[in-house]
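S.K.: If you scroll down you'll find the structure; I have some questions about it.
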Amino acid sequence: LQENMDRFVFVDEGDEQPLSNHEIYLEYTKMIEGLLQDFLHEHGISHDDIAQLCLEEKGIGNEAAYCLDYIIASTQYESFVSLMTDFRSMQNFECDDTCFSWGADDTSEAPQAESLNPDEQRPGLS
């Protein structure tokens, strides 16, 4: 995705997408299909089967399903455009220490990474 951010033309929702965006989508689809083909063949699963499974997992609210967006985006152009928009938003996201909550009743400052024992659970995370 990163390598295509400069080529992708972002338009307002509902506006017509440029043909160049669809060409990037086709390149992305080819790449994802290439990466999945050996895995699917090895396990006897079709591309349609895995796409349907991804949609079902997202539909039932599987919290780990966010990673399936990459596969879904290779099967639906609208999902690809949404993924590109989300990716751009993540690149532009800036955060300081106030972005994180360390527990609703915890008024202490966020712990410094070097002060945490790697085996300890961080406050506010389960």
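The values are calculated or read from the model by the stated rules, or taken from the named source; none is laboratory data. Just so you know, these numbers come straight off a predicted model, no measurement behind them. Every residue, glycine as well, gets a Cβ built from its backbone with ideal geometry; the counts of neighbours run over all protein chains shown. Heavy atoms of the whole protein, side chains included, go into the accessibility calculation; ligands, DNA and RNA do not. Shrake-Rupley method; radii C 1.70, N 1.55, O 1.52, S 1.80 Å.
S.K.: Report the calculated FRET efficiency for MET31 and LEU53 (r = Cβ-Cβ distance, R0 = 30 Å), to the nearest 0.05.
M.R.: 0.90
S.K.: If you don't mind, there's one more thing I want to ask. Over the residues of the range 1-104, compute the C-alpha Rg and express it relative to 2.2 N^0.38 Å.
M.R.: Details: Rg = 16.2 Å, N = 104, 2.2 N^0.38 = 12.8 Å.
Normalised by 2.2 N^0.38 Å, the Cα Rg of the range 1-104 equals 1.26.
S.K.: What does the accessible area per residue of the range 18-100 come to in Å², with a 1.4 Å probe and no ligands, DNA or RNA counted?
M.R.: 70 Å²
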